[in-house]
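This report refers to the structure that appears directly beneath it.
The values are calculated or read from the model by the stated rules, or taken from the named source; none is laboratory data. This is a predicted model, so every value here is computed, not measured. Neighbour counts run over all protein chains shown; Cβ positions are idealised from the backbone, glycine included.
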């Protein structure tokens with residue numbers, strides 16, 4: 001869960017700049033509120049799945065949205081992989097996209113056990129590198145791309161698309177996890193996400209004038225601190241990309257026709273990371289708001305009954 005949100009939600013820095021354009025303290029408040037809302041809705045969703053069966057209409061709608069978003073997230077990660085390898089190692093974006101696709105297919109095709117093991121290894125690395133580099137960045141003296149929607153609306157859109165990346169996994173684990181353990185796991189995961197996200201956003205805020213035109217803001221900033229940090233961040237970022245891409249591809253394919261689906265998503269990823277991110281994430285974010293409302297309605301309606 002944490003690995004997927006790190007990859008889809010803030011690892012590059014561009015996602016945070018897109019939805020939280022302010023470089024003042026209010027952006028940190030909106031980001032914190034967004035993650036808190038994600039945690040609350042995730043816990044409600046998990047409990048609803050454990051205690052009662054959701055209505056058929058809500059279940060079908062959610063399944064369709066999860067499927068579509070997983071595919072969109074996967075192709076965005078393919079494109080992000082190409083952008084990352086291009087910026088760090090001057091590898092052509094096409095080859096970077098292809099390499100990311102091949103690695104994702106290789107791990108995803110081995111089944112859920114391999115995916116779980118990869119996440120178990122990658123996620124602690126992602127969190128550790130993010131915390132260390134962000135703390136280094138915040139200690140450096142201070143020296144924008146974004147939508148023009150109100151901050152509160154952007155916060156909800158950000159919440160919506162991130163929830164679409166995590167709720168399918170909560171649905172998958174609810175059968176084998178008791179309510180208390182699952183709830184604690186969700187809250188712990190979002191606590192780590194909150195720490196990492198706020199550190200990254202604080203780093204971006206301090207140096208926002210330097211990253212207005214960057215496709216990978218965090219990569220640019222850590223490279224300005226020291227060139228070696230660029231390679232350290234590249235490893236972290238690429239792991240986060242693979243984590244999200246692998247999870248998303250498996251969610252779409254359910255272990256069937258993985259290669260064929262991966263190839264289709266690879267072709268679509270050639271539209272480019274920035275274009276895909278700025279087009280697909282806001283769309284799915286708005287749809288995700290609808291999912292949040294459905295979950296809240298289902299909780300209130302079920303209790304009323």
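Some points to look at:
- Of the set (1) closer than 23 Å to residue 98 by Cα; (2) part of a helix (DSSP H, G or I); (3) more than 15 Å from the chain's Cα centre (by Cα), all apply to residue 256 but (2).
- Residues of the range 260-287 classified as part of a helix (DSSP H, G or I) and either modelled with pLDDT under 90 or closer than 18 Å to residue 161 by Cβ (or both), total: 18
- Annotation: residue 12 fulfils all but one of (1) under 15 Å from residue 240 (Cα atoms); (2) part of a helix (DSSP H, G or I); the unmet one is (2).
- Qualifying residue in the range 2-25 (condition: at pLDDT 85 or above and either surrounded by fewer than 20 Cβ atoms within 10 Å (Cβ to Cβ) or over 13 Å from the mean Cα position of the chain (by Cα) (or both)): no
- Any chance residue 234 is within 21 Å of the chain's Cα centre (by Cα), at pLDDT 80 or above, surrounded by 14 or more Cβ atoms within 10 Å (Cβ to Cβ) and more than 18 Å from residue 34 (Cα to Cα): yes
- Complete set of residues in the range 52-77 that are at pLDDT 80 or above and either within 27 Å of residue 228 (Cβ to Cβ) or outside any helix (DSSP H, G or I) (or both): 77
- Unique residue being under 24 Å from residue 123 (Cβ atoms) and surrounded by fewer than 21 Cβ atoms within 10 Å (Cβ to Cβ) when the list is 288, 255, 262, 272: 255
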